[in-house]
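The values are calculated or read from the model by the stated rules, or taken from the named source; none is laboratory data. From a predicted model like this one, the values you see are computed outputs, not experimental measurements. Cβ atoms come from the backbone with ideal geometry, glycine included; neighbour counts cover every protein chain shown. We work out accessible area using only protein heavy atoms, side chains counted, and drop any ligands, DNA or RNA first. Shrake-Rupley method; radii C 1.70, N 1.55, O 1.52, S 1.80 Å.
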Amino acid sequence: MGSEFRRCIAAALLAGASIGLFGGSAHAGEPAFLIGIEPDGRVSEVARRRLEKYLDTQGCLADIRFTTDDPALALVFRAGIPGAGETPVLVAVNAGGRLPQPAWITRRTAGVRGLADLENRDLATVAGHDPLGSELPLAALRREGVLPDSGRFYEAGDYSSALGLLLHNNTHAAVSELGFVEPFLDKNGLVVTWSGEPVIAGGWYRRAGWNNAVAACEQALARRQRDDDRQAFAAFPEWVAGFARHDSQNSEDSSQ
């Protein structure tokens, strides 16, 4: 009687494990979708695991890798302005749910009235492929005829660090993203000296491994916000608060 009971319990445990009752994947036996995230110095195993866990709960079994080069990838996140003929299926949006805007930030007491006043000043930029971190703000300086010497640049690891350099008087100005920096301006005596037009600065792109089933992954990513899981969003540029359908952002921009 006892041995028969133990055999029944063992069988029940095996059956439960096979359908995910004891922590196994509900997609057991199904191949995972390969999803890539462009590495930029913030590669985080914790972020990868948390993103995979969230996507799995949403019906998307994902194998996330910090690369965009694997030809088997179904979906990739890449920072940067889309190239000719490229259209992201999801675009990265800022804290206001809008496309990001590059900005130069200065201290209110610094007497900087415009970009021309940044000539021969120390400047904080952000490392990585994100065009908001250096490319677009530096292009704005060049249009004003400001060409700082390379020794004037302090390259920070993220946007908070760039602001920290400014707040501690290590630099005269710092790059930022408008939606990200706005909550910090007044309480820290900072002002926006310049801001550019809204731009696609990062997004999710479909790749050769994509099929219709990957749409569940896209829908799940569009529902997730940085405030839902800040550790997971450590895989993306600091200003990224969420993701939106590319066509929805086009409609919003045209209505403003």
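When Rg and the Kirkwood Rh are both derived from Cα coordinates, the Rg/Rh ratio for the stretch 28-127 amounts to 1.12. Placing +1 on the Cβ of every Lys and Arg and -1 on the Cβ of every Asp and Glu, with nothing else charged, gives the stretch 29-132 a dipole about its Cα centre of roughly 580 debye. Tell me the angle of helix 2-18 to the major Cα principal axis of the chain, expressed in degrees between 0 and 90 and rounded to the nearest ten. Its long axis makes an angle of about 40 degrees. Our coupling estimate for the stretch 128-141, obtained by passing each phi through the Karplus curve with A = 6.51, B = -1.76, C = 1.60 and θ = phi - 60°, is x, 8, 5, x, 6, x, 7, 3, 6, x, 5, 5, 5, 4 Hz, Gly and Pro reported as x.
Computed from point charges on the beta carbon alone (+1 for Lys and Arg, -1 for Asp and Glu), the dipole magnitude for the chain about its Cα centre is near 520 Debye.
Normalised by the number of residues in the stretch 79-153, the average gap of Cα pairs under 8 Å and 6 or more apart makes the relative contact order 34 percent. Between the listed residues 138, 237, 216, the Cα displaced farthest toward the positive end of the dipole of the chain, a dipole computed from Cβ unit charges relative to the Cα centre, is found at 216. This structure gives Cα Rg over 2.2 N^0.38 Å, computed directly, and of (i) 0.99; (ii) 2.17; (iii) 1.26 that value is listed as (iii). Estimated from helices alone, the mean residue ellipticity of the chain at 222 nm is -8000 deg cm²/dmol (sum of -39500 (n - 2.57) over DSSP H runs with n ≥ 4, per residue).
Backbone geometry of the stretch 34-40 corresponds, through the Karplus equation with coefficients 6.51, -1.76 and 1.60 at θ = phi - 60°, to 3J(HN,Hα) couplings of 7, 10, x, 10, 4, x, 9 Hz, x marking Gly and Pro.
Which Cα, out of 33, 109, 198, lies furthest along the positive dipole direction of the chain (beta carbon charges, K/R +1, D/E -1)? Going by the Cα projections, it comes out as 33.
Accessible surface for the chain, divided over its residues, is 50 Å² per residue with a 1.4 Å probe. Shown for the chain: the carbon plus sulfur share of the solvent-accessible area, taken with all protein chains present and a 1.4 angstrom probe, equals 51%. On full extension, the segment bounded by residue 160 and residue 109 gains 16.3 nm, given 0.36 nm per residue less the C-alpha separation.
Residues of the stretch 48-80 with an amide N closer than 17 Å to a point placed 7 Å from the Cα of residue 246 along the Cα-to-Cβ direction: 74-80.
For residue 143, put the label point 7 Å out on the Cα→Cβ axis and report which residues of the stretch 164-195 keep their amide N under 16 Å from it. Residues 176, 178, 193-195 fall inside that zone.
Extension gain for residue 167 to residue 68 (0.36 nm times residue separation, less C-alpha to C-alpha distance): 32.1 nm. On a 0 to 90° scale, report how tilted helix 45-57 is relative to the longest principal axis of the chain, with both axes built from alpha carbons and the result rounded to the nearest 10. In the chain, helix 45-57 runs at an angle near 60 degrees to the longest axis. Helix 246-255 and the long axis of the chain differ in direction by around 40°, with both axes built from C-alpha atoms.
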